[in-house]
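All remarks here apply to the structure that follows.
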Amino acid sequence: MKQEVQHLSVNPPKERIYLYDNIKCLAIFLVVIGHAINFLTDFEGNGLEKSLYSLIYAFHMPLFIFVSGLFVKPMNEETKFPKYKVLSFILIGIVLRILTSVVNLLLQTSPVYAVFDVYDTYAWFMWAMAAFLMLTWLLRGLDKRLVLGLSLLVGCMAGYDSNLGDWFALMRIVVFFPVYLLGYYLDPAVLLKALDKNWLKIAAAVFLVAMVLLFVFDLPFAQFMRPMFTGRNRFTALDEYYVFGPFFRILSYLIAAAFGVALLALMPNRNLGYFTVIGARTLQIYFWHKVFLIAAEEFQIYEKIERFTGSTLATLIYIALAIGLTFFCSLGFFSFPTKQLLAVGRTKK
């Protein structure tokens with residue numbers, strides 16, 4: 001009888017919400033594809049690549065950051081500063097910078113190493129995760145509506161600040177922090193219930209089709225909004241529309257939010273096999289994929305494909321290779337060193 005009582009007193013494990021692993025899977029595929037075709041958008045006439053790049057950047061990083069905030073444990077005034085979790089993200093960012101510099105050195109390109117000055121790597125996301133966690137902890141005792149409102153206001157006005165930019169990813173941290181906060185303040189289970197409505201799924205499908213058509217057939221709009229979607233640019237990138245910068249920032253927030261709701265509403269909340277597994281391994285994919293993209297650009301893989309196929313088909317093949325790269329980097333042995341560095345934050349209290 002005693003054993004039975006003890007057994008009944010144990011809290012049952014929470015049911016895993018597969019929706020969020022699946023949405024992270026989609027997001028990481030888009031991350032790798034976006035990074036793969038980035039250099040192609042520098043060429044004149046590559047309208048397909050430019051439209052696709054802007055479409056991806058309209059929502060994929062906000063979606064990633066929102067889901068990241070969604071699963072941060074609630075903090076109150078008694079919560080200790082999560083120093084080891086913050087340290088984990090910082091260490092991953094530093095190691096990522098070292099790795100990409102070593103790869104450039106081995107390929108006999110021009111490696112430039114700087115811990116904080118973001119120039120051509122993707123370590124900014126690690127700094128941002130650390131900064132988001134620190135800021136959330138610092139603001140934990142304040143009214144949620146006040147914090148979220150002020151963060152949105154700062155995010156909308158940040159483009160006027162000449163002191164913000166790529167250094168330590170300050171502009172992107174300021175711009176994307178309200179997105180992280182929104183995820184942090186929402187309950188994953190409550191959000192899941194709110195998304196489970198047939199009318200919302202229909203509206204989501206219509207919205208996604210409309211937006212894809214807009215970005216594909218209205219290249220000027222896609223190109224104009226690109227600086228706002230990336231989150232790293234000042235309003236000077238809008239040229240003569242500089243004074244209206246906050247309105248275009250708001251527009252970028254609204255587009256990202258609508259995309260996020262639409263994709264979350266349509267994404268299945270069930271185990272999709274290895275795709276769901278990929279959603280749980282996004283950090284290792286983010287960490288390692290750059291190595292292979294550096295090599296692909298250095299060996300001019302795209303140009304060699306283009307000689308035999310033409311530019312449009314070459315782009316489609318290159319995207320297929322980026323998808324394959326995502327699968328490849330999701331393999332178990334690529335969990336090093338992110339798994340070990342994250343363990344610092346999980347084992348230390």
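Against the main long axis of the alpha-carbon atoms of the chain, helix 60-70 sits at an angle near 10°.
Given a Förster radius of 25 Å and the C-beta distance between residue 95 and residue 323 as r, what FRET efficiency does 1/(1 + (r/R0)^6) yield to the nearest 0.05? With R0 = 25 Å, the Cβ-Cβ based efficiency is 0.45. Against the chain, whose longest principal axis comes from its Cα atoms, helix 18-37 is set at around 20 degrees.
Legend: translational diffusion of the chain by Stokes-Einstein, Rh = Kirkwood radius over C-alpha pairs, 4 °C, 1.567 mPa s; D = 60 µm²/s. Between 335, 311, 68, the residue with the greatest mean-square fluctuation in the GNM of the chain (Cα pairs under 10 Å linked by springs) is 311. Rounded to the nearest whole Hz, the Karplus-based 3J(HN,Hα) values (6.51 cos²θ - 1.76 cosθ + 1.60, θ = phi - 60°) of the stretch 267-277 follow the sequence 6, x, 9, 8, 5, 9, x, 5, 5, 5, 4, with x at glycine and proline. The ranking of 172, 307, 226, 16 by Cβ neighbour count inside 10 Å, starting from the fewest, reads 307, 16, 226, 172. Where does helix 245-266 land angle-wise versus the long Cα axis of the chain, in degrees 0 to 90, nearest 10? Taking Cα atoms only, the helix is inclined about 60 degrees.
Test of understanding: ordering 181, 219, 146 by Cβ neighbours within 10 Å, fewest first, what list do you get? Before the final figure, lay out each step's value.
Details: 181 24, 219 14, 146 10.
Ordered by Cβ neighbours within 10 Å, fewest first: 146, 219, 181.
Each residue of the stretch 152-166 is assigned a 3J(HN,Hα), and the resulting list reads 5, 4, 5, x, 6, 9, 4, x, 8, 7, 6, 7, 9, x, 7 Hz, derived from the Karplus form 6.51 cos²θ - 1.76 cosθ + 1.60 (θ = phi - 60°), x at Gly and Pro. Springs between Cα atoms under 10 Å define the GNM used for the chain, and in it the highest mean-square fluctuation of 96, 150, 133 occurs at 150. Taking the chain as a Gaussian network of alpha-carbon nodes connected by springs under 10 Å, the highest mean-square fluctuation of the residues 324, 183, 155 belongs to 324. Can you bin the stretch 270-321 into rounded, prolate or oblate? Criterion: square roots of the alpha carbon gyration tensor eigenvalues sorted a ≥ b ≥ c, rounded for a/c under 1.5, prolate for a/b above b/c, oblate for the rest. Oblate is the answer for the stretch 270-321, as a/c is 1.5 or above yet b/c matches or exceeds a/b.
Just so you know, all these numbers are worked out from the coordinates, no wet-lab data involved. As the structure is a computational prediction, the values presented were derived from the model and not from experiment. Note: ideal-geometry Cβ built from the backbone for every residue, glycine included; neighbour counts use all protein chains shown.
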